[in-house]
């Protein structure tokens, strides 16, 4: 259990971000800025077809183009590499290679790679490669893909259903039998994706004399699993060094994005020179391996007439695309908080993970839990509509109460702490909910279509690895997901912290580390320097993702700081002739409690530690002040063997209430925001300004998912939204001004009581926007059951609602 | 050999001469030939605005301009904003308001804001939103960028008084 220090000096302060000065000067040192002596450039040839057998490839013209060093096709790939790492079910039956070998399975799948002296020539050479495709029937509709006789994406699998199972948690039958009201709906969440402005890139260098492969890239996660990358590259695990470069955004999409560094590594080894491969935008949009969830739901919610929610039955078909690298981990996220903040007693979850001829899914801010939030909130609103209840009233009635934590939900996951009524009340006040309703009443009298949405939902943080394998009874999988840090206080008393994963992908790891280290030693954050270590010689690290980073790094810092401080106290105790327990770290010194003038500066102690061995107490064996610490998940348990309880796997659970008011123009289907309020509870807040930035940025992405963004595939598998002309990312004109409030309910299980908070905005906005649009169109009785809510859909829904019933 | 052309440009006050292929993009010229890697390429099809630079006083998307088209031009990039490692007021405001997260769109955003504040030194929030609507930011949701540009306008008004 964490100690809850009452007063803190640095945690909770909106200090300016440490990362910003270099970014503002254009000195971000992104991977694409990196130049190595002798470096050459790679480009890939992508498949123009969604499903086709590769009959032949003739690369002779490309190979003879001046400036081309090498062309690699699927024909050579099995000699150069092993299959890609794959955490999905039965990888041997849907084997994934870095380039397509026998056939292409989606439009954009890499077919060949070229290395040339510059990128322009590499792309010229790609155009000279002649591929003879034999087109195969395409399957893009996951429901069609499930049917017998559908074209198979992977023949060895014998089906396109890569995984299916029905889980029952609690007494669903009884709850539905006893229910007085059951609402049902068919819900559709279309595929969108993170689309960071920087794509995935790598610069690889191979030394044939030492066998050492060094790869600079912007997607270094799971450093303790990089032996899998080494295996794909056919090199020994101790000859691979992945060095993280700052990433220009990720939002999940650089989470274990290993195809690009593997491709660069393979090519560097082949040509004997450093190779840079940076995806262009079309690569990233068509073949990032990180499209988001793509789900079709049939959902039933059981309730009582007084509004008490009882049970939830979910059938979900998820279109994973052509491969399934993370298995169904995105549904682990769903099950982490499938009942939302409500005391729903039982859940049935029937899942079909289907393969189609599309880019495969990966991670996108929320990792599937944002979809579940939308589904649960849509269904709660439907119950409220059925019963004529206000959205506030039904939520208040069903909230888990502050005194009921820690609270175990039917799936077995635990919610650590919370104050949902408190968050709701703050949001209602901040939005002036009654005032909004009054405004809405007047607007309706004027014939305007104004709607108010209100949602209250969960933000789980710090996943356990169990969520990637508890789907299967056998085999079981890994249970570690550590994060490490090395802290070093130098002889001048300044501190360097080394992080070991893709620490910077747009959030504020250096700022957070500076604040936590400053808090631990009571020094100024400016005395802390942060560097990013490579994987070789590094410590095990998982990297950001699932809003885990702040908690996990804070834990690692606390552990390392404790070791350094113990040693410093011994030294100071020896020098000051005072017992260590009578000393304290305060204001950059170690001083005697109650006699602050008796003190040594940290610099004085550090100098002794490094340079004056003969002045040290005899029980100090080593000079220096350096400590490593690997922090493991602070609270996770194994799933039950029968999987009726999945154990604790995502326990630090934040909460938010969002309220939005919109006006819809029923002639054009356009909408305007009149109000947007977000109140979050992320436990103890480290840097309020940065957290607010995460929330607003998440709202903008959630708005994209809710209203604008979709990877649209035609029936023949062509990506129709393959550029930013068609894939519409919200601009400053679309994103509303967000008014933010905070409630701080510390977690009892994490360092300082912090909860993760990187994803909350996107996990709330689709639900609240859907509710607001539906409320605006309430005079027509429109039901919003699909995102994105494009203007065409709004007009169609109104038209359908007005059409005479047969 | 491909068709090559001699060009002369002034970038951030310094003169450069180079011989370049006609198809070389201005963005790649700045980044790969001059080593000015502060200008970023986000989409390479003219939508995201990350590669925005100022060419003869007006912003352009350097992914949509060929280097040869810039022959004889005065160019300003993000590297030209700070003077003697002193932040420009725009940079100060972006830092203080946290008008950035990953920093990838930031150089383009700064160039657009620089141009815009020359045109409109005292803008409203709505005018700022419209002015930067051609620059995508995937991290911030724009709100702190808008605040930063408002703040920069105030700082620059004080500075010019």
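Could you tell me the center-to-center distance, by alpha carbons, between the stretch B:9-42 and the stretch A:337-379 in angstrom?
47 Å
Under a plain spin-label model, where a point goes 7 Å from the Cα along Cα-to-Cβ, how far apart in nm are residue B:122 and residue A:620?
A separation of 6.2 nm, rounded to one decimal place.
With the contact rule set at Cα under 8 Å and sequence spacing of 6 or more, what percent relative contact order holds for the stretch B:77-161?
Value for the stretch B:77-161: 42 percent.
Take the Cα atoms of the stretch A:258-310, build their convex hull, and give its volume per residue in Å³.
Expressed per residue, the convex hull around the Cα atoms of the stretch A:258-310 is 139 Å³.
Under a point spin-label approximation (7 Å from Cα along Cα-to-Cβ), what is the residue A:29-residue A:802 distance to one decimal in nm?
Roughly 6.1 nm, to one decimal.
R0 = 41 Å: FRET efficiency of residue A:212 with residue A:611, Cβ-based, nearest 0.05?
Efficiency at R0 = 41 Å is approximately 0.75.
Take the alpha carbon atoms of the stretch B:4-80, find their radius of gyration, then divide it by 2.2 N^0.38 Å using N residues; give the quotient.
The reported ratio for this selection is 0.96.
Determine, for A:177, A:486, A:765, the number of other Cβ atoms within 10 Å of each Cβ, and report the residues in order from fewest to most.
A:177, A:486, A:765
Give me the number: length gained by fully extending residue A:726 to residue A:601, i.e. 0.36 nm times residue separation minus the C-alpha to C-alpha distance, one decimal in nm.
39.0 nm
Determine the shape class of chain B: with a ≥ b ≥ c the square roots of the Cα gyration tensor eigenvalues, call it rounded for a/c under 1.5, and otherwise prolate if a/b is greater than b/c, oblate otherwise.
It comes out prolate by the Cα gyration axes.
Length gain on complete extension for the stretch residue A:632 to residue A:665, per 0.36 nm per residue less the alpha carbon to alpha carbon distance?
Between residue A:632 and residue A:665, full extension yields 6.7 nm more.
How big is the antiparallel share of DSSP beta bridges in chain A, given as a percent to the nearest 5?
Bridges in chain A that DSSP calls antiparallel: roughly 75 percent.
For the stretch A:482-631, how big is the tail of P(r) above 25 Å, as a whole percent of Cα pairs?
Beyond 25 Å sits 30 percent of the P(r) for the stretch A:482-631.
Using 0.36 nm per residue of separation minus the Cα-Cα distance, give me the extension gain between residue A:157 and residue A:642 in nm, one decimal.
Length gained, residue A:157 through residue A:642: 172.0 nm.
Say R0 is 30 Å: what FRET efficiency, to the nearest 0.05, do residue A:130 and residue A:792 get from their beta-carbon distance?
0.15
Looking at the stretch B:89-160, what % of the alpha carbon pairs are farther apart than 16 Å?
Beyond 16 Å sits 37 percent of the P(r) for the stretch B:89-160.
Go ahead and estimate [θ] at 222 nm for the protein assembly as shown from helices alone: -39,500 (n - 2.57) per DSSP H run with n ≥ 4, summed, over the residue count, rounded to 500.
The helix contribution divided over the protein assembly as shown gives -8500 deg cm²/dmol.
With all distinct Cα pairs included, what does the Kirkwood hydrodynamic radius of the stretch A:111-262 come out to in Å, to one decimal, could you say?
20.9 Å is the Kirkwood radius here.
Let me know the mean shielding of B:127-138 by other chains, meaning the per-residue number of their Cβ atoms within 10 Å of its Cβ.
5
Is any residue of the stretch B:92-128 close enough, with backbone N under 13 Å, to a label point placed 7 angstrom from the Cα of residue B:157 along the Cα-Cβ axis, and if so, which?
Under cut-off, by backbone N: B:120-125.
May I have the extent of the alpha carbons of the stretch A:219-278 along their three principal axes, as whole Å values ordered from largest to smallest?
33, 24, 15
Averaged over peptide A:249-256, how many Cβ atoms belonging to another chain are found within 10 Å of each residue's Cβ?
That works out to 2 on average.
So for the stretch A:1-145, considering every pair of alpha-carbon atoms, how many percent are separated by more than 18 Å?
70 percent
Can you give me the Cα centroid spacing of the stretch A:763-793 and the stretch B:125-161 in angstrom?
31 Å
Starting with the fewest neighbours, write out B:40, A:671 ranked by other beta-carbon atoms found within 10 Å of each beta-carbon.
With the fewest neighbours first, B:40, A:671 line up as A:671, B:40.
List A:276, A:93 from most exposed to least, where exposure is judged by having the fewest other Cβ atoms within 10 Å.
Result, fewest neighbours first: A:93, A:276.
Would you mind pulling out the separation of the Cα centroids of the stretch A:622-687 and the stretch B:66-100, in Å?
The distance from the Cα centre of the stretch A:622-687 to that of the stretch B:66-100 comes to 36 Å.
Cα gyration tensor of the protein assembly as shown, axes a ≥ b ≥ c as square roots of the eigenvalues: rounded (a/c below 1.5), prolate (a/b > b/c) or oblate?
It comes out rounded by the Cα gyration axes.
Across peptide B:141-151, how many C-beta atoms of other chains are within 10 Å of each residue C-beta, on average?
Average per residue, whole number: 5.
Computed from the coordinates by the stated procedures, all read-outs in this text should not be read as laboratory data. Note that the structure is predicted; figures quoted are calculated from it, not measured. Positions of Cβ are generated from backbone atoms using ideal geometry, with glycine treated the same way; all protein chains shown enter the neighbour counts.
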